[in-house]
1. Could you tell me the calculated FRET efficiency between V228 and D136, based on Cβ-Cβ distance and R0 = 22 angstrom, to the nearest 0.05?
2. Could you pull out the pairs from K177/K216; K64/K116; K39/K160; K64/K224; K160/K216; K116/K224 whose alpha carbons sit more than 26 Å apart here?
3. Starting from the Cα coordinates of segment 60-151, work out the convex hull volume and express it per residue in Å³.
4. Taking the Cα-to-Cβ direction at Q162 and at D245 and moving 7 Å from each Cα, how far apart do the two end points lie in nm?
5. Where does segment 49-93 land on Rg(C-alpha)/(2.2 N^0.38 Å)?
6. Would you mind calculating the gained length between R79 and N191 on full extension (0.36 nm times residue separation, minus the Cα-Cα distance), in nm to one decimal?
7. Given a Förster radius of 35 Å and the C-beta distance between T209 and K39 as r, what FRET efficiency does 1/(1 + (r/R0)^6) yield to the nearest 0.05?
8. Can you list the residues, at least 5 places off or on another chain, whose amide H is less than 5 Å from the amide H of V122, using H built in the peptide plane?
Amino acid sequence: MKGVHKAAVFIFLAILIGGFQVYGLDVHEEIIYPAQRLKGAPYSFGNEGPRAFDCSGLVYYLYKPHLPSIPRTSRDYSRYGSQVGINELLPGDLLLFATTNNRGIVSHVAIYIGQKSVIHAVSNGPETGVIVSRVDSGYWRRTFHSARRVFDTATQSTQKEQTSIEFERGLYTGPLKDGEPSGTGTMRLKNGDTYQGEFRDGLFHGQGTYTWSSGKSYTGRFEKGEIVETEKTAGKPETYMEEKDSPWDSWDGEVYGDFREWREQEQSAFEAFKARDREGTAGKMSR
């Protein structure tokens, strides 16, 4: 019985501090891949799937089987798990944004999937529904609030010997290390270009071939995502990739997220409190 008691105390404390250890969790198999299969699902306020979602509904749908204590709204995620820096992100971390005119108040949540990409359910803007976005594109960079780690890094797996995953920049096939492309792989970019070769920390690094959509190509060394300049490549622009701007770079509106949902929850709780208070007052007067 003592063992059972200790286990119950452990579970209670894990829930109390806003996290729950999941042993042997493969974040890609259990969270990232299922999330990517939902890409294209429509946004629906207050919905948590499986055919439509709001932002926190998507997180709740994917995480609830592994984290029974996980909350339902984005604002509550800001107190769940542990805070993590923007440069320390791992797949499965939650990114929080303040996307309404109430700056500083969390109203949107997204799931980090690696290579500066998130998957999330977006209510309005240039793209809606379940989409993949870059966290360093203009709008999401400006509205970023904080990041939370809800899985224990000691027990989660972010290593894959071979995988195929869609980041915002394009479709990557190859191995992952700490959730980022690493080793020899292929990236088929959205703009029609292709890179085949070595990766390190998510960037083209080592020997590789970059083929532009026009058919021309470069084979040689890359460092930290850039072509290593030689006599043959001298004069080439440093930003050799012919990228298309993200539609979020210039957009500056409001993404409503689940702001209305948690405000309604607060209002309902307040109304219930007032009703109980009235009943209590009426009971005292009748005595």
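1. Working: r = 24 Å, r/R0 = 1.08.
Once rounded, the FRET efficiency stands at 0.40.
2. On the way: K177/K216 30 Å; K64/K116 24 Å; K39/K160 22 Å; K64/K224 37 Å; K160/K216 32 Å; K116/K224 15 Å.
Pairs exceeding 26 Å: K177/K216; K64/K224; K160/K216.
3. On the way: hull volume 8.8 nm³, N = 92.
In segment 60-151, the Cα hull volume divided by residue count equals 95 Å³.
4. Result for the modelled spin labels: 4.1 nm.
5. Numbers: Rg = 11.4 Å, N = 45, 2.2 N^0.38 = 9.3 Å.
Normalised Rg, Cα atoms only: 1.22.
6. 36.5 nm
7. Details: r = 29 Å, r/R0 = 0.81.
Result of the calculation: an efficiency of 0.75.
8. G129, V130, I131
Quick note: the coordinates plus some simple rules give every number you see, no bench work behind them. Only a predicted model underlies this, so the values are computations on that prediction, with no experimental measurement involved. Neighbour counts are summed over all protein chains in view; Cβ atoms, including those assigned to glycine, are modelled from backbone coordinates with ideal geometry.
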